[in-house]
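Q: Can you keep this structure in mind? I'll have questions shortly.
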Amino acid sequence: MKRFARLYADLDATTSTRDKLAALARYYAQAPAADAAWATYFLAGGKPRSVVPSRLLRDIALRASGLDDWMLEECYLAVGDFSETVALVLPPPSLDDDTGLAQWVEQRLAPPPKSGRIAVISGASGAEPATNEERAWLQTMPDVPVRATGSDLGHGFEPQFAMNIALACLALGREKLFPPFDSSGIERAYEGPLDQVAVTAVGHWRGEGMALVEAVR
């Protein structure tokens, strides 16, 4: 996390494209792959889901800084960004923590998964060994319902991923997963609530990937 903070400070401190590129090159040459992936996400404008409500963050900032409410409001008006305001008024950290960016995001900031409320729509093409590898992975999560659309609808290769994302959106909109396509044992009936659907595209020579579709209610 410290390495990414230094990178951000270096980028913010200069308007020189050459200096910015040099700072990025230094960071990516040293950062672990997982940290570098999250750094790219944030630098490209990505924003994770809010973990701490703004009101709670405001109360914590007031207690930690000792400022009156009106003074924090004046600081916010001067700075223009609430998160940056909080970072500026908080006292210096007392702990020396070298935890990496990926660990911070995935283990400390990410909200806990909603157990029992996620399903998987598999777009596996049937090509081996990728399809069997995905099946083995799915079998490690016996409580997660799976739907393999290729079993009933055939496989359209590149369009399959987009179609399965559309099916995931429809299922989340109805708040109900559609019935199993086959009785192979991979798919099972599920009538419970549904908040998330993971959509996979496995067994292609291009275009493999995964998407997480979440309901916004």
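What follows is calculated from the coordinates using simple rules that are stated; it is not laboratory data. The structure presented is a predicted model; accordingly, all values stated were derived computationally and were not measured. Positions of Cβ are generated from backbone atoms using ideal geometry, with glycine treated the same way; all protein chains shown enter the neighbour counts.
Q: Just flag the trypsin sites (Lys or Arg not before Pro) in region 1-71 sitting in loop per DSSP whose Cβ has no more than 12 other Cβ atoms within 10 Å.
A: Passing sites in region 1-71 are R49.
Q: Here's a follow-up. Compute a Gaussian network model of the chain, connecting alpha carbons closer than 10 Å, and tell me which residue from A44, A25, A78 fluctuates the most.
A: A78
Q: In the chain, if every C-alpha pair distance is counted and binned at 5 Å from zero, what percent goes to each bin?
A: For the chain, the binned pair fractions read 1, 6, 10, 12, 13, 13, 11, 10, 9, 8, 5, 2, 1 percent.
Q: Within region 113-193, report the trypsin sites (Lys or Arg not before Pro) that DSSP leaves as loop and that have at most 16 other Cβ atoms within 10 Å.
A: Answer in residue order: K114, R117, K176, R188.
Q: Something else now. Can you give the Kirkwood hydrodynamic radius for region 118-214, in Å, rounded to one decimal and based on Cα pairs?
A: On the way: mean 1/r = 0.0754 Å⁻¹.
About 13.3 Å, per the Kirkwood formula over Cα pairs.
Q: Antiparallel DSSP bridges in region 118-214: what percent, to the nearest 5?
A: About 45 percent, rounded to the nearest 5.
Q: Working from Cα positions, state the angle (0 to 90°, nearest 10) between the long axis of helix 33-43 and the longest principal axis of the chain.
A: Compared with the principal axis, the helix lies near 70 degrees.
Q: Another question about this same structure. Take the alpha carbon atoms of region 30-106, find their center, do the same for region 179-203, and report the distance between the two centers in whole angstrom.
A: Rounded to whole Å, the Cα centres lie 38 Å apart.
Q: Per Stokes-Einstein, at 20 °C and 1.002 mPa s, what whole-number D in µm² s⁻¹ belongs to region 1-111, with the Kirkwood radius over Cα pairs as the hydrodynamic radius?
A: 135 µm²/s
Q: For a quick check, take a GNM of the chain with Cα springs below 10 Å and name the residue from V199, V52, V79 with the largest mean-square fluctuation.
A: Of the options given, V79 has the highest mean-square fluctuation.
Q: Quick one: order Y190, Y8 by neighbouring beta-carbon count within 10 Å, fewest to most.
A: Y8, Y190
Q: Continuing with the same structure: Under the rule of -39500 (n - 2.57) per DSSP H run of 4 or more residues, summed and divided by the residues of the chain, what mean residue ellipticity at 222 nm is obtained, to the nearest 500 deg cm²/dmol? Intermediate values should be presented prior to the final figure.
A: Values: 9 runs with 98 residues, N = 217.
That comes out to -13500 deg cm²/dmol.
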